[in-house]
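The values are calculated or read from the model by the stated rules, or taken from the named source; none is laboratory data. Everything numeric in this text was worked out from a predicted model, so none of it was measured. Virtual Cβ from ideal backbone geometry, glycine too; neighbours counted across all protein chains shown.
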Amino acid sequence: MRTLNKFKLVAFSLTAVMMIGATQSTFAHTRFNVSSQTEGVRDINHIIITHSCNDSSSTIGTSVVFPDGVDSTILVDGQAHDGQILDYLTNYGNNIQLILDRSAFDLMEEKIVAGNVVGYWAGGGPGMPNNLNATTSFRHTAAGIEPTSCASSVAVKVSIADICTVTGTDGFNDDVVRLWTHNDLGTPFDRVSDTDNGPATFTITRDLTNNPLPDSCGDGVTVEIKPSAAQINRDMPIVIDGQQIWPAN
């Protein structure tokens, strides 16, 4: 209960604060610091929040969702694939571990479904002023590419919400939350955009030296995985001690 009350108190107070300073470009997106990695490599990565919701707001929290691979949409060279992500990745699922980092946010936790980390959230604390950048940190292991597949790379589409004011979904707009999400899933968290340019992309590239393409593959195919609407509706909200605190009910 103390955790919940602390988050609510910080969220309430920060939304009333007017931050002074130069603003970041409104065209900047929330993205990975390292956006691609050779298969099987483990490293420390960050998601960078590059601007707040408007010139007078602070970012008080963030919610991150990786496609879980269970009912995700898989595209191969842009065409729908009826199989599973394991057709192209050998160990996709539990590939991230959140790192405790209170530089901007005091509270943070992983989102775990069926034993796998499918995302995380962070919030509370000083937050991110509109004239600065902030990062969330995690250890990431790039999944291995299935040797018998023709995948030359797999692009993982990661959905992110950067929160400036706690509202219900009916109050969403760019002044209260920045949605770096898909625009076509049919969820309350969809980005309003003419193009599907919201999610942050992390690309796993094939190690052609140790895992060469089969001779029949030619130059190989590019694979993309994005979450289902059901997963976004399940995993995007922030829940503490069994109670949903964002979006507001």
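Going through region 30-64 one residue at a time, which ones are of a type in the set (A, V, I, L, M, F, W, C), more than 18 Å from VAL166 (Cβ to Cβ) and surrounded by 23 or more Cβ atoms within 10 Å (Cβ to Cβ)?
ILE47
Please enumerate the residues belonging to region 108-128 that are within 20 Å of HIS51 (Cα to Cα) and touching a Gly at 6+ places or on another chain (Cβ under 6 Å). Within region 108-128, just GLY123 meets the criteria. Check region 146-161 and report whether any residue there is at pLDDT 95 or above, closer than 21 Å to ASN54 by Cβ and crowded, with 22+ Cβ neighbours inside 10 Å. Yes: region 146-161 contains one or more residues that are at pLDDT 95 or above, closer than 21 Å to ASN54 by Cβ and crowded, with 22+ Cβ neighbours inside 10 Å.
For region 108-120, state whether one or more residues are polar (S, T, N, Q), within 30 Å of GLN79 (Cα to Cα), modelled with pLDDT of 95 or more and not in a loop (DSSP other than H, G, I, E, B). Checked region 108-120: at least one residue is polar (S, T, N, Q), within 30 Å of GLN79 (Cα to Cα), modelled with pLDDT of 95 or more and not in a loop (DSSP other than H, G, I, E, B). For the structure I just gave you, tell me whether ASP55 is more than 17 Å from the chain's Cα centre (by Cα), in a loop (DSSP other than H, G, I, E, B) and farther than 17 Å from PRO129 by Cα. No, not satisfied. Considering region 140-196, and only residues there that are in a loop (DSSP other than H, G, I, E, B), of a type in the set (Gly, Ala, Ser) and within 28 Å of SER58 (Cβ to Cβ), the residue that is farthest from the chain's Cα centre (by Cα) turns out to be GLY168. Testing ASN197 on (1) in contact with a Ser or Thr (Cβ under 8 Å, 6 or more places away or on another chain); (2) modelled with pLDDT under 95, one condition comes back false. Which one is that? Here ASN197 meets the rest and fails (1).
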